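For reference, the structure discussed in these notes is given below.
The values are calculated or read from the model by the stated rules, or taken from the named source; none is laboratory data. Just so it is clear, the structure is predicted and the values come from calculations on it, not from any experiment. Here the Cβ positions follow ideal geometry from the backbone for every residue, glycine too, while neighbour counts run over all protein chains shown. The protein model used for the area step is the full one, side chains on, heavy atoms only, and it has no ligands, DNA or RNA in it. Shrake-Rupley method; radii C 1.70, N 1.55, O 1.52, S 1.80 Å.
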Amino acid sequence: MPAATLDAFLNSYLGEPDELRAAVVMTVRRLTQAATTIRNTINQGVLGTAFAGTRGANADGDVQKDLDIFADDIFLDAMRHAPVALYASEELEQPVLLDKQAPVAIAIDPLDGSSNIDTNVSIGTIFSLLPAIGTPDGNPAASFLQAGVNQLGAGFFIYGPQLALVLSLGSGTHVFVLSTRLGTFVQAYESRIIPQRTEEFAINAANYRHWDEAVRLYIDDCLEGTEGPREKDFNMRWIASLVADCYRILMRGGVFLYPGDKRKGYRQGRLRLVYEANPIAYLIEQAAGAATDTITRILEIQPESLHQRVPMVFGSAREVARITRYHTEPSAIGERAPLFSRRGLFRA
């Protein structure tokens with residue numbers, strides 16, 4: 001039996017005529033067209049006209065690559081031809097009003113992992129689809145200050161060996177790969193399920209000295225392997241590309257940690273809640289995983305600003321829950337006591 005196409009999947013989601021669902025479907029289709037253009041540019045590498053050069057800093061102070069701006073322009077233009085009321089991007093200080101009558105608002109990281117551009121590592125585009133809401137004061141950011149549970153759908157494109165789309169519209173997390181032979185996206189995986197248990201974690205270990213004690217203790221216990229309190233060996237991974245790390249977890253399980261730490265500007269984490277953490281958390285939960293800020297469920301956090309940052313832990317549900325216990329109930333982690341209680345949680 002041939003695999004379903006993205007078009008067939010979207011038609012199934014649409015079902016009976018429904019204005020909001022129709023808007024979501026058209027928006028996703030426009031996104032795929034824009035992503036294909038981005039992929040073609042990325043494939044040119046250093047031979048292309050918009051690659052790894054820098055432009056300065058974006059609204060949140062991060063260095064912008066030429067390809068960041070190029071991708072943002074491509075997606076913004078695509079959304080002008082979709083039923084999208086508002087477009088909010090990592091690269092723009094304020095949302096752009098496109099059509100105040102349209103029912104959908106989109107928050108997007110046009111090019112996640114752009115620090116990896118010149119090293120030929122997988123990068124991507126992350127997006128969140130929200131209902132556009134009106135406000136008495138006409139604040140264009142209001143639609144984006146909704147908790148992640150209100151998302152209509154979310155997804156990301158990953159520009160790697162294949163151009164893949166990971167998408168959820170509220171009924172599982174599905175993976176589609178662009179078939180160059182067919183000229184369309186074809187479903188590669190239906191309703192991914194992340195194993196609850198894992199023996200693999202992803203974290204930037206170079207920041208060990210900056211972490212809070214709870215994070216250090218969790219990683220220490222994993223690194224002890226079979227001789228430590230976890231009584232099993234762990235593998236460590238870190239790609240420094242959120243979409244690539246998330247894709248790996250969706251394929252084979254694992255847990256990802258990007259905690260806040262003691263460095264200036266890192267206490268509240270570095271991932272953006274609205275257009276990075278929320279869509280990733282939505283995809284992970286739809287795949288039977290979990291996502292928190294180490295303690296609180298990501299999708300329940302009320303955004304206070306468009307570019308708000310947040311710590312994030314996501315992946316295999318049992319492991320995410322364990323990390324929460326390291327932060328909230330260290331004494332309840334039974335296998336650590338008494339044999340493995342070599343140091344207190346808040347050592348001097």
Residue match in region 229-237 (condition: open to solvent by 50 Å² or more (accessible area, probe 1.4 Å), under 23 Å from the mean Cα position of the chain (by Cα) and either within 22 Å of A281 (Cα to Cα) or aromatic (F, W, Y) (or both)): yes
Residue ID - nearest to S171 (Cα to Cα), chosen from residues in region 5-21 that are among the aliphatic types (A, V, I, L, M) and surrounded by fewer than 16 Cβ atoms within 10 Å (Cβ to Cβ): L14
In region 167-183, residue farthest from the chain's Cα centre (by Cα) [restricted to those that are modelled with pLDDT of 95 or more and open to solvent by 20 Å² or more (accessible area, probe 1.4 Å)]: S179
Qualifying residue in region 328-336 (condition: touching a His at 6+ places or on another chain (Cβ under 7 Å), surrounded by fewer than 19 Cβ atoms within 10 Å (Cβ to Cβ) and farther than 25 Å from N120 by Cα): no
From V243, V274, V313, V255, residue being in contact with a Pro (Cβ under 6 Å, 6 or more places away or on another chain), under 30 Å from V177 (Cβ atoms) and not basic (K, R): V274
Condition check for P303: in contact (Cβ under 8 Å) with a residue 40 or more places away in the chain, under 26 Å from L92 (Cα atoms) and either open to solvent by 30 Å² or more (accessible area, probe 1.4 Å) or assigned to a loop (DSSP other than H, G, I, E, B) (or both): yes
Number of positions in region 117-143 that are open to solvent by 50 Å² or more (accessible area, probe 1.4 Å), of a type in the set (V, I, T) and in a helix (DSSP H, G or I): 1
Verdict on L223 being of a type outside the set (K, R) and open to solvent by less than 20 Å² (accessible area, probe 1.4 Å): no
Residue tally, condition within 15 Å of the chain's Cα centre (by Cα) and either under 14 Å from Y189 (Cβ atoms) or among the hydrophobic types (A, V, I, L, M, F, W, C) (or both), over region 148-166: 9
Single residue of Q196, Q187, Q146 found to be assigned to a strand (DSSP E or B) and among the polar types (S, T, N, Q): Q187
Near pairs, Cβ below 9 angstrom, 6+ apart or cross-chain, from region 240-251 (part of a loop (DSSP other than H, G, I, E, B)) to any residue that is hydrophobic (A, V, I, L, M, F, W, C) and open to solvent by less than 10 Å² (accessible area, probe 1.4 Å): S241/I123
Qualifying residue in region 260-268 (condition: open to solvent by less than 10 Å² (accessible area, probe 1.4 Å) and not in a loop (DSSP other than H, G, I, E, B)): no
Breaking point among (1) open to solvent by 40 Å² or more (accessible area, probe 1.4 Å); (2) more than 19 Å from the chain's Cα centre (by Cα), for N207: (1)
